[in-house]
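We did not get these values from a lab; they are worked out from the coordinates using the rules stated. Values in this document were obtained by computation on a predicted structure and should not be read as measured data. Cβ placement follows ideal geometry from the backbone for every residue including glycine, while neighbour counts extend to all protein chains displayed.
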Amino acid sequence: MAKVTFVTPDQESITVEADSGSVMELAVNNNIQGIDGDCGGVCSCATCHVHVAAGDVTKVGEASEIEQDMLELDDNANEFSRLCCQIEVTEAIDGVVLTVAG
Ligand code: FES
């Protein structure tokens, strides 16, 4: 079980939890504002863009090359950017804070 906190564009902080699946699915299942997951999680839409809290980057890991290519097209991208459909829910990410990039 991993708990994940999302900070929405309205600055609302929402903590949800799951055992498996992607972080995008977790967000969509919990109606997190700003995470749409339009492509279904195949890394081709960037509607699941989040900024990982600085202290959580090592827990979440780095973006793959394909993910980085998608992020380069997004004006809101920065060094903390991830597409959360590419982050798997595991115990390793328990407690992370992800800000919806919008
Ligand atoms: S859901 Fe489309 S890139 Fe993540």
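Couple of notes before you dig in:
- On full extension, the segment bounded by D36 and T5 gains 9.5 nm, given 0.36 nm per residue less the C-alpha separation.
- Exposed-site-free run, longest, the chain (rule: GluC sites (Glu not before Pro); DSSP loop; at most 11 other C-beta within 10 Å): 13-61
- Alpha carbon Rg of region 28-102, scaled by the compact-globule rule 2.2 N^0.38 Å: 1.00
- DSSP beta bridges confined to the chain are antiparallel in about 75 percent of cases.
- Inter-label distance, E65 to E91: 3.3 nm, where each label sits 7 Å from its Cα along the C-beta direction.
- Three-way shape call for region 9-68 based on the alpha-carbon gyration tensor, with the a/c threshold at 1.5: rounded
- The chain: relative contact order as a whole-number percent, Cα under 8 Å and 6+ apart: 42 percent
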